[in-house]
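The values are calculated or read from the model by the stated rules, or taken from the named source; none is laboratory data. Fair warning: this is a prediction, and the values are worked out from it, not measured in the lab. We place every Cβ from the backbone using ideal geometry, glycine too, and count neighbours over all the protein chains shown.
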Amino acid sequence: MIATGRNALRALRPHNVGGPVATIAYSHVAANAPNFLVLEFHVDDIPWYYDLVTGAVPVVKNGYLPVLDAPGYGVEINEEVAPRTRIHIKST
């Protein structure tokens, strides 16, 4: 994704509809993508956003999202909260 965009002279502008784990993962991608421009993500409209993970969840400050330097993504899944975050889709 990074190389294809860079070779085509395109900016990387991912749309993240996931929760905090996806946002943290995208922060790692952004830190390594010279063609990264912006990341769209949701925080305030997801009531469980900060409860789903334990550890230092990065917070946007002055328009920037810091990259965690702990092992892996730098957070752990809160197993008690995770079942409540599932989305059930019904076909009609």
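Applying a threshold of 8 Å to beta carbon distances and a minimum spacing of six or more residues, or different chains, the list of pairs starting in segment 9-29 at a residue that is of a type in the set (Gly, Ala, Ser) and ending at one that is assigned to a helix (DSSP H, G or I) reads 11/5; 19/85.
Considered as a group, the residues in segment 43-62 that are at pLDDT 85 or above and either of a type in the set (D, E, K, R) or on the phi > 0 side of the Ramachandran plot (or both) include one that is farthest from the chain's Cα centre (by Cα), and that residue is 62. Pairs are defined by a Cβ separation below 7 Å, a sequence spacing of at least 6 or placement on different chains, a first member in segment 41-62 that is farther than 17 Å from residue 86 by Cβ, and a second member that is acidic (Asp, Glu) and in a strand (DSSP E or B); the pairs so defined are 54/76; 55/76. Consider segment 63-73 and keep the residues that are under 22 Å from residue 13 (Cα atoms) and without any contact (Cβ under 8 Å) to a residue 12 or more places away in the chain. The one that is nearest to the chain's Cα centre (by Cα) is 64.
With respect to residue 33, is the statement that it is surrounded by 15 or more Cβ atoms within 10 Å (Cβ to Cβ), small (Gly, Ala, Ser) and assigned to a loop (DSSP other than H, G, I, E, B) true?
yes
Considering (1) in contact with a Ser or Thr (Cβ under 6 Å, 6 or more places away or on another chain); (2) touching a residue at least 40 places away in the same chain (Cβ under 8 Å), the lone condition that residue 76 does not fulfil carries the number (2). Against the conditions (1) assigned to a loop (DSSP other than H, G, I, E, B); (2) modelled with pLDDT under 85; (3) more than 10 Å from the chain's Cα centre (by Cα); (4) surrounded by 14 or more Cβ atoms within 10 Å (Cβ to Cβ), where does residue 6 fall short? Just the number, please. Here residue 6 clears every test but (1).
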